[in-house]
Amino acid sequence: MALLLSEADLRRVLAMRELIPAMRDALAHFSRGDVVQPVRPTLGIEPVGGYYSTMPAYLRDERGGALGMKSVTFFPGNAGGPYPTHLATVLLLDAATGALVAILDGRLITEMRTAAVTAVSVDLLARRAAARLAILGSGVQARSHLEAVALVRPPASVVVWSRDPAHAARFAREMAGTVACPIRTAATVREAMRGAEIVVAVTAAREPITDAAWLEPGMHLCAIGSSVPDMRELDAATVARSRVFVDSRASAEVEAGDLMLARQEGRIGPSHVVAELGEVAAGAPGRGSDDEITLFKSLGLAVEDVVTARLAVARAKAMGVGTEVTL
């Protein structure tokens, strides 16, 4: 018997407030070497321009460990259609026997754990008093990131930009009331970034949407949207001016287009990454001064999915949520 958890089930059992510390702990374990996981193999799906990845992970920790795998697709062409751009399924296994424990919808898990990890970066690297938030993008991830970031740095202002102004307006309208401040829209990325202390980029951009000339002292940047070598949201000069942190050095070497292309263009060297976020969570230096510009490049780790699945299953069993299935 295995537990089947749909997206509706997961919405009942997962809470961002619990997920943020769980992700911080998972990242610290990863950087300490307590996680076994490969850099994800990814297949390009042509001619539609999609990607398919498998993401297994095994975590050794004081809770008996966590073992599982996520199967995930990214099809940018789905935007605006009946299917989300990201679709996924997570399998959770018993770390002692390998037996199947649960099958979980992976789309919501990906959405929530990604935002929770970004919130960890904001909590560790943004200035303590940072309160002006800019969100570049207005899709699903923009919504979850607003919720997550607001839990660690309650915003005094929120500005959203989208390539489609109607999408940005809908985001501002539908998310009104989720934070204590008004949400306004910006006509350009430059306008959105002006005066911002935290900038979250969650777009499907293939070419940079930022310009280093728009950076301001003390900014914390979060680049979320790309996880393949030929896509980036940030220009090379922005990366060069920033103190850079990643979730995984190994993944960043082969997946982080924002960093890889900046290096190919000669703007940064091989040692430009300061630390993994998990190292900072475990006590390594993070922000060096209030004027420093920090950048977290997120790629997403399998251990984040497995730990989120373990948390969801524990909560679901306690609440009597989900469906028992026999394969």
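A few points about this structure:
- Of all residues in segment 61-73, those that are assigned by TED's automatic domain parsing to the domain that holds L27 and on the phi > 0 side of the Ramachandran plot have Cβ atoms under 8 Å from Cβ atoms of residues that are surrounded by 15 or more Cβ atoms within 10 Å (Cβ to Cβ) and part of a loop (DSSP other than H, G, I, E, B), 6 or more apart or on another chain, in G64/A95; G65/A95.
Okay, residues lined up against (1) aliphatic (A, V, I, L, M); (2) part of a helix (DSSP H, G or I):
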{"position": "L10", "(1), (2)": "yes, yes"}
{"position": "M23", "(1), (2)": "yes, yes"}
{"position": "L27", "(1), (2)": "yes, yes"}
{"position": "F30", "(1), (2)": "no, yes"}
{"position": "V48", "(1), (2)": "yes, no"}
{"position": "G64", "(1), (2)": "no, no"}
{"position": "L67", "(1), (2)": "yes, no"}
{"position": "K70", "(1), (2)": "no, no"}
{"position": "G77", "(1), (2)": "no, yes"}
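- Qualifying strands (runs of 3 or more DSSP E) (wholly inside segment 103-222; at least 2 residues being at pLDDT 95 or above and within 30 Å of G50 (Cα to Cα)): 132-136, 157-161, 198-201
- Residue check, A186 more than 20 Å from the chain's Cα centre (by Cα) and in contact (Cβ under 8 Å) with a residue 40 or more places away in the chain: yes
- Pairs with Cβ under 6 Å, 6+ apart, first in segment 250-265 and farther than 7 Å from P229 by Cα and outside the structural domain of L221 (by TED's automatic domain parsing), second of a type outside the set (F, W, Y) and surrounded by fewer than 18 Cβ atoms within 10 Å (Cβ to Cβ): none
- None of A116, A150, A168, A134 is within 27 Å of K70 (Cα to Cα) and either within 18 Å of the chain's Cα centre (by Cα) or surrounded by 24 or more Cβ atoms within 10 Å (Cβ to Cβ) (or both) except A116.
- Selection over segment 170-185 of residues that are of a type in the set (A, V, I, L, M) and touching a Ser or Thr at 6+ places or on another chain (Cβ under 6 Å) gives a count of 1.
- Of residues in segment 284-327 being surrounded by fewer than 23 Cβ atoms within 10 Å (Cβ to Cβ) and among the hydroxyl-bearing types (S, T, Y), the one farthest from D247 (Cα to Cα): T326
- Scanning segment 189-203 for residues that are touching an Asp or Glu at 6+ places or on another chain (Cβ under 9 Å) and in contact (Cβ under 8 Å) with a residue 24 or more places away in the chain turns up V189, R190, M193, G195, A196, E197, A201, V202, T203.
Residues checked against (1) aliphatic (A, V, I, L, M); (2) under 18 Å from S31 (Cβ atoms):
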| residue | (1), (2) |
| --- | --- |
| S248 | no, yes |
| S251 | no, yes |
| E255 | no, yes |
| G266 | no, no |
| S271 | no, yes |
| V280 | yes, yes |
| R287 | no, yes |
| D290 | no, no |
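- Filtered by the rule that a residue be touching a strand residue (DSSP E or B) at 6+ places or on another chain (Cβ under 9 Å) and in contact (Cβ under 8 Å) with a residue 24 or more places away in the chain, segment 74-87 gives F74, F75, P76, G77, T85, H86.
The values are calculated or read from the model by the stated rules, or taken from the named source; none is laboratory data. Please read these numbers as outputs of a predicted model, since none were measured by experiment. Cβ sites come from the backbone with ideal geometry, for glycine too, and all protein chains shown count toward neighbours.
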